[in-house]
Amino acid sequence: TGTVEETVRHYARLAKEAGLDGVVSSPLESPLIHEACGPSFLTVTPGVRFPGQDSQDQARVTSPDRARALGSDFIVMGRAITRAEDPRQAYEGPIGTSP
């Protein structure tokens, strides 16, 4: 029960209390997690897409720039690169920003 924000904070605190160094979360929750557990508690964030890309099965996506601005420590690009027509170009190309 409770809001998504309350649940995220609760699970992040439990993970920290259990001795973990961080959690996997949406980039959108990175600020909440760092607020609850401190800036050194890591957030690994999938659901990152280049601007204009299809979100595929991810419901809550951000661009790499937005994920960084939200405080993601590590971003997971996955299919945005591995399924690109030219994966090297996708990796090396300009990141861009989202609105």
- Query: From the square roots a ≥ b ≥ c of the eigenvalues of the alpha-carbon gyration tensor of the stretch 1-44, which class results: rounded (a/c under 1.5), prolate (a/b over b/c), or oblate?
  - Reply: oblate
- Query: What accessible area per residue, rounded to a whole number of Å², is obtained for the chain using a probe radius of 1.4 Å?
  - Reply: 64
- Residues with amide H under 5 Å of Gly22's amide H, sequence separation 5 or more or different chain, H placed in the peptide plane at 1.01 Å from N; which? Leu42
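For a quick protection proxy, order the peptides 13-25, 34-46 by their average other-Cβ count within 10 Å, most packed first. Intermediate values should be presented prior to the final figure.
Values: 13-25: 13.7, 34-46: 17.0.
Peptide ranking by packing, descending: 34-46, 13-25.
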- Task: Would you work out what percent of the accessible area of the chain, with all protein chains in place, is carbon or sulfur (probe 1.4 Å)?
- Result: 54
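Can you compute the helix-only [θ] at 222 nm over the chain? Use -39500 (n - 2.57) per DSSP H run of at least 4 residues, normalise by all residues, nearest 500 deg cm²/dmol. All intermediate terms of the calculation are to be shown ahead of the outcome.
On the way: 5 runs with 39 residues, N = 99.
When only DSSP H runs of four or more count, the value is -10500 deg cm²/dmol.
The values are calculated or read from the model by the stated rules, or taken from the named source; none is laboratory data. Just so you know, these numbers come straight off a predicted model, no measurement behind them. Positions of Cβ are generated from backbone atoms using ideal geometry, with glycine treated the same way; all protein chains shown enter the neighbour counts. These area figures cover heavy atoms from the full protein model, side chains too; ligands, DNA and RNA do not enter into them. Shrake-Rupley method; radii C 1.70, N 1.55, O 1.52, S 1.80 Å.
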